1. Name the one entry in 65, 122 that is within 14 Å of the chain's Cα centre (by Cα), modelled with pLDDT of 85 or more and not small (Gly, Ala, Ser).
2. Residue by residue through segment 195-222, note down the ones that are more than 15 Å from residue 54 (Cβ to Cβ) and either part of a helix (DSSP H, G or I) or of a type in the set (A, V, I, L, M, F, W, C) (or both).
3. Does segment 69-91 contain at least one residue that is in contact with a Pro (Cβ under 8 Å, 6 or more places away or on another chain) and part of a strand (DSSP E or B)?
4. When only residues in segment 1-45 that are more than 22 Å from residue 62 (Cα to Cα) and hydroxyl-bearing (Ser, Thr, Tyr) count, which is surrounded by the fewest Cβ atoms within 10 Å (Cβ to Cβ)?
5. Only one of these conditions is not met by residue 48: (1) in contact with a Leu (Cβ under 8 Å, 6 or more places away or on another chain); (2) modelled with pLDDT of 80 or more; (3) surrounded by fewer than 16 Cβ atoms within 10 Å (Cβ to Cβ). Which number is it?
6. If you scan segment 133-192, which residues turn out to be aliphatic (A, V, I, L, M), over 18 Å from the mean Cα position of the chain (by Cα) and assigned to a helix (DSSP H, G or I)?
7. When you look at residue 205, is it within 26 Å of residue 109 (Cβ to Cβ), assigned by TED's automatic domain parsing to the domain that holds residue 58 and free of Cβ contacts under 8 Å to residues at least 60 places away in the same chain, yes or no?
8. Enumerate the pairs (first residue in segment 132-156 and more than 20 Å from residue 204 (Cβ to Cβ); second residue anywhere and modelled with pLDDT of 95 or more and among the hydroxyl-bearing types (Ser, Thr, Tyr)) with beta-carbon separation below 9 Å, excluding pairs fewer than 6 apart on the same chain, so at least 6 apart or on different chains.
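The values are calculated or read from the model by the stated rules, or taken from the named source; none is laboratory data. None of the values given here were measured: they were computed from a predicted structure. Here the Cβ positions follow ideal geometry from the backbone for every residue, glycine too, while neighbour counts run over all protein chains shown.
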Amino acid sequence: MNNSVTNTARLLGAGLRALLMLTLVTGVVYPLAVTGIAQGLFGNKANGSEIKADGRVVGSSLIGQSYDLPPKKGQETPDPDLKWFQGRPANGLGTNSVNTRYKLVLSGATNLAADSKDLVRQVEDAKAAVVEDNSVPGHEVRPSDVPADAVASSGSGLDPAISPRYAELQVHRVAAKNGLPVGAVRKLVEERTQGRTLGFIGEPRVNVLELNIALKELVARN
């Protein structure tokens, strides 16, 4: 009887010591070590890849934003503010949820099939809007000029970047709306075009938030 109680107490003591040690290692030491390494080597990424302007955080390089005019009375979808570069559509954050464009409750795609009439209509409407919005005096945009990322949302609906081709398509409109030389606006796009990751992963891209911050600075200087 005494041996049984002693063995039980010994096993309970060993289990308790193991619990305390593992709690200390996995719950304190390991998280602190990982946090320290992340902050030391990848501080910006560890903190959400924040983008700052005018001394404050204005967004993340990983999450798209909308650049819209204030909604009019009774208007469900606000009109885009055409003085800014526009990102990809965010149709995946649809009407079947509490989401609106780029509001981070959840992300998702449309899940519409390639032959869906709704998807075809969305793409056709988006293409027509891109052509109309970006055709300015002296520069006409044709439907064949419109790239896929201008009319289709990404899988998450929160893509922060657009293709260089879509950015270039918007140059004349942005220049006209802000009273800037076309060459100066095109230079902003060229300077902020990122190549493929490691030279072969993904596609060349332009971060829309970073581009619009540079545009704002250019407007302020002129």
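1. Working: 122 fails: within 14 Å of the chain's Cα centre (by Cα).
Being within 14 Å of the chain's Cα centre (by Cα), modelled with pLDDT of 85 or more and not small (Gly, Ala, Ser) holds for just one of 65, 122, which is 65.
2. Taking segment 195-222 as the starting set, the residues that turn out to be more than 15 Å from residue 54 (Cβ to Cβ) are 195-208, 211, 222.
The answer is 198, 200, 201, 206, 208, 211.
3. For segment 69-91, residues in contact with a Pro (Cβ under 8 Å, 6 or more places away or on another chain) and part of a strand (DSSP E or B): absent.
4. 4
5. Of the numbered conditions (1) in contact with a Leu (Cβ under 8 Å, 6 or more places away or on another chain); (2) modelled with pLDDT of 80 or more; (3) surrounded by fewer than 16 Cβ atoms within 10 Å (Cβ to Cβ), the odd one out for residue 48 is (2).
6. Our first condition is that a residue be aliphatic (A, V, I, L, M); within segment 133-192, this holds for 136, 141, 146, 148, 150-152, 158, 161-162, 167, 169, 171, 174-176, 180, 182, 184-185, 188-189.
Restricting the remaining residues to those that are over 18 Å from the mean Cα position of the chain (by Cα) gives 136, 141, 146, 169, 171, 174-176, 180, 182, 184-185, 188.
Residues satisfying the conditions are 169, 171, 174, 175, 176, 182, 184, 185, 188.
7. Working: within 26 Å of residue 109 (Cβ to Cβ): yes; assigned by TED's automatic domain parsing to the domain that holds residue 58: yes; free of Cβ contacts under 8 Å to residues at least 60 places away in the same chain: yes.
Spelling it out, residue 205 is indeed within 26 Å of residue 109 (Cβ to Cβ), assigned by TED's automatic domain parsing to the domain that holds residue 58 and free of Cβ contacts under 8 Å to residues at least 60 places away in the same chain.
8. Cβ pairs passing all conditions: 141/135; 142/135.
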